[in-house]
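Okay, structure first, notes after.
The values are calculated or read from the model by the stated rules, or taken from the named source; none is laboratory data. Keep in mind that what you see is a predicted model, and the values were worked out from it rather than measured. Note: ideal-geometry Cβ built from the backbone for every residue, glycine included; neighbour counts use all protein chains shown.
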Amino acid sequence: MTLPDFEQLRRLGWEFRENKIFLAVNDLDLFTYLSPQPLTAQEIAQRLNLNARALEIVLDALVSMKLLDKKDNHYSNQEIAEAYLVNGKKTYRGEIFKHLHQCREQWENLGQILRTGELPSERKFTIREERRANRHFIWGMDNIACDRAQLIAGMLDLSTVGNMLDLGGGAATYSIAFVKKNPQLKAVVLDLPLTLEVARENIALNDLEKRISTTEGSFWEVGLGTGYDLVWISQIIHSLNESKCRELIQKAAAALAPGGALIIHDFILEDDHTRPFDAALFSVHMLVVTEGGRSYSVNEIMGWLKEAGLSQVQRIEIDAHSGMVRGTVPVAQAGST
């Protein structure tokens with residue numbers, strides 16, 4: 001009998017090493033300190049108040065991981081770290097990894113969740129901690145969505161859309177991409193107050209204050225308004241249970257004008273719930289960070305849109321990472337969903 005390659009399992013068991021090293025040094029903004037000039041381990045340790053021996057061991061590992069270079073005991077960023085992990089650069093994406101480091105702690109509860117099906121009691125955050133964690137999260141979502149938003153803006157024909165509601169719009173990433181692509185379009189971003197602090201910064205950075213407005217509140221508690229040509233819901237439903245998904249879609253559909261469209265963008269599973277890989281693993285992520293959330297299949301989402309009275313319901317494929325489902329309010333039924 002020939003046994004399968006054990007190395008596959010060994011790699012799975014050891015993957016935490018590189019993950020933890022990378023997340024820990026990113027929290028320290030290590031790559032930002034190395035951007036102006038190469039530094040020794042001792043120089044970095046003094047600036048960041050770290051133990052020099054421990055830091056040198058980790059720096060050498062980062063060289064092996066191809067994130068740093070080492071020459072004459074001086075360390076510098078490799079190209080990928082310089083491009084994406086130096087705070088202050090336009091291409092900086094380090095916030096998403098600070099958020100993921102916070103999520104990693106919650107993943108340690110997976111064994112308990114498998115036994116009970118419930119999340120453990122949450123640690124109470126101070127207002128300052130909550131604001132910092134929320135900024136990491138919202139800017140992190142912008143880090144990973146900004147390229148995808150440009151892609152989707154090029155895929156969707158929004159030339160006849162005059163106004164849109166970006167429901168739970170976070171940093172306004174998609175609103176920004178959509179209005180830049182479509183000069184006639186104006187957008188409203190609805191989200192919680194702490195989140196909209198980041199959204200307004202992002203809108204101002206893009207000089208779009210006249211075309212993108214914000215509304216504070218929970219989409220469960222405030223009215224959404226009516227008459228929108230488009231309601232955009234990106235990466236929201238995976239945090240909700242099935243009942244809440246139906247409720248949100250019903251509420252969003254009622255905010256549309258005659259002929260208006262609702263588009264759901266998310267990690268979308270095939271009907272057997274095992275593919276694609278990213279969506280299947282993201283479903284486990286929702287298991288450990290939400291009460292009742294998971295990834296949903298294309299047929300589940302399409303069914304909810306049809307239940308809300310939408311027609312011309314269709315799947316719009318993007319790639320293996322995410323997809324869209326779109327439905328339209330029939331003109332004769334607009335406002336009656």
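What the table shows:
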read-out	value
Glu221 vs. criteria under 30 Å from Ala308 (Cα atoms) and without any contact (Cβ under 8 Å) to a residue 12 or more places away in the chain	yes
Helices (runs of 4 or more DSSP H) (entirely within segment 19-69) containing at least 1 residues that are among the aromatic types (Phe, Trp, Tyr)	30-33
Selection status of Ala252, in contact (Cβ under 8 Å) with a residue 60 or more places away in the chain and not in a strand (DSSP E or B)	yes
Selection count where residues are of a type in the set (Ser, Thr, Tyr) and over 19 Å from Leu256 (Cβ atoms), scope segment 145-179	1
Criterion (closer than 22 Å to Gln312 by Cα and not charged (D, E, K, R)) met by exactly one of Gly227, Gly217, Gly223	Gly227
Filter result for Asn77 (modelled with pLDDT of 95 or more and more than 30 Å from Asp147 (Cβ to Cβ))	no
Test: residue in segment 4-15 that is closer than 27 Å to Thr91 by Cβ and either exposed (fewer than 12 other Cβ atoms within 10 Å of the Cβ) or out of contact with any Pro (no Cβ under 6 Å at 6 or more places or on another chain) (or both)	yes
Ile144 surrounded by fewer than 21 Cβ atoms within 10 Å (Cβ to Cβ), of a type in the set (Val, Ile, Thr) and closer than 21 Å to Ile96 by Cβ	yes
Candidate set from segment 147-174 (those that are part of a helix (DSSP H, G or I) and free of Cβ contacts under 8 Å to residues at least 40 places away in the same chain); member that is surrounded by the fewest Cβ atoms within 10 Å (Cβ to Cβ)	Gly154
Selected residue (only one of Val289, Val298 is in the same structural domain as Val161 (by TED's automatic domain parsing) and over 28 Å from Asp229 (Cα atoms))	Val289
